[in-house]
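Enquirer: Before we start, here is the structure in question, set down as structure tokens.
The values are calculated or read from the model by the stated rules, or taken from the named source; none is laboratory data. Everything numeric here is computed off the predicted structure, so don't read it as measured data. Heads up, the Cβs are rebuilt from the backbone with ideal geometry, glycines too, and the neighbour counts pull from every protein chain shown.
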Amino acid sequence: MSRKIAIVGGGGLAKEIIEVIEMNGDEVYGIFAKSSSLSYKHFGYLDALLEHRDNFDGVILAIGAVNQEGISNRREIIEFLKKHSFNLISVISPLSTISSSANMGNGVYIGHSVIVSCDALIGDNVLINHNALIGHDVKIAENVSIAPQVFLGGGVDIKKDVMIGVGATLRQGITIGSNSIIGMRSIVIKNIKDGSVVLQQISKIYK
């Protein structure tokens, strides 16, 4: 039986999630965002979500985070959804491979060609984008955004409200503290404390 899903967000990530929703045979009820350029019905923002809540089966948060302001914005929306007891629906690409022993929360998005290995634990409202590799026994807490081509070694422990950028690699067994940002292409080999920003050297233009 297909699900009717409300999308909170109107940008590129929402477009990717909608593609997976439709691949799975589910239906997009509409877009709830401050603005939207997508070709789906745009009803307004969070107040409109409350008004329409009886017309859909659940909600997925489709707003990404590229900095700590974005992480905080996602956290505020999550608290709103929890306060009003919305049903958080997970959307998982049929082109990904999820171990039968992995455990996932609610409101999770997993894009194309992701591998989630055995005994991984993924919390509520986690985003895992295309071609990411989640190793065995990895723990990912609530509201973590993982960009494409991220590699998490076995036993990595990621606390809540973290953003991991494109192509980052995390060594097995390390912990990433809450409210942290791991920049694109970073190679992380030791524990990171809460509220950290880790950046790989940025390319310079010489000419």
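Enquirer: What number of residues within region 56-84 satisfy the criterion of being more than 20 Å from residue 177 (Cβ to Cβ), assigned to a helix (DSSP H, G or I) and among the charged types (D, E, K, R)?
Expert: Qualifying residue count, region 56-84: 4.
Enquirer: Checking residue 137 against (1) farther than 21 Å from residue 191 by Cβ; (2) more than 15 Å from the chain's Cα centre (by Cα); (3) of a type in the set (D, E, K, R), which single condition isn't satisfied?
Expert: Condition not satisfied by residue 137: (1).
Enquirer: Hey, does region 21-39 have a residue that's under 17 Å from residue 143 (Cβ atoms), free of Cβ contacts under 8 Å to residues at least 60 places away in the same chain and buried (at least 18 other Cβ atoms within 10 Å of the Cβ)?
Expert: Within region 21-39, none of the residues are under 17 Å from residue 143 (Cβ atoms), free of Cβ contacts under 8 Å to residues at least 60 places away in the same chain and buried (at least 18 other Cβ atoms within 10 Å of the Cβ).
Enquirer: A further question on this structure: If you check 70, 64, 58, which single one turns out to be within 18 Å of the chain's Cα centre (by Cα), at pLDDT below 95 and over 22 Å from residue 115 (Cα atoms)? Working first, answer last.
Expert: Working: 64 fails: over 22 Å from residue 115 (Cα atoms); 58 fails: at pLDDT below 95.
Exactly one of 70, 64, 58 is within 18 Å of the chain's Cα centre (by Cα), at pLDDT below 95 and over 22 Å from residue 115 (Cα atoms), namely 70.
Enquirer: Only one of these is touching a strand residue (DSSP E or B) at 6+ places or on another chain (Cβ under 6 Å) and either part of a loop (DSSP other than H, G, I, E, B) or surrounded by 23 or more Cβ atoms within 10 Å (Cβ to Cβ) (or both): 106, 131, 179. Name it.
Expert: 106
Enquirer: Also: Test residue 125 against the stated conditions and say whether it is touching a residue at least 40 places away in the same chain (Cβ under 8 Å), crowded, with 17+ Cβ neighbours inside 10 Å and either more than 29 Å from residue 137 (Cα to Cα) or under 17 Å from the mean Cα position of the chain (by Cα) (or both).
Expert: So residue 125 passes the test.
Enquirer: Just checking, which of 172, 149, 200 is modelled with pLDDT under 95 and not small (Gly, Ala, Ser)?
Expert: So the residue among 172, 149, 200 that is modelled with pLDDT under 95 and not small (Gly, Ala, Ser) is 200.
Enquirer: Continuing with this model, one more query. Take the residues in region 194-207 that are over 23 Å from residue 78 (Cβ atoms) and in contact (Cβ under 8 Å) with a residue 12 or more places away in the chain, then tell me which one is surrounded by the fewest Cβ atoms within 10 Å (Cβ to Cβ).
Expert: 199
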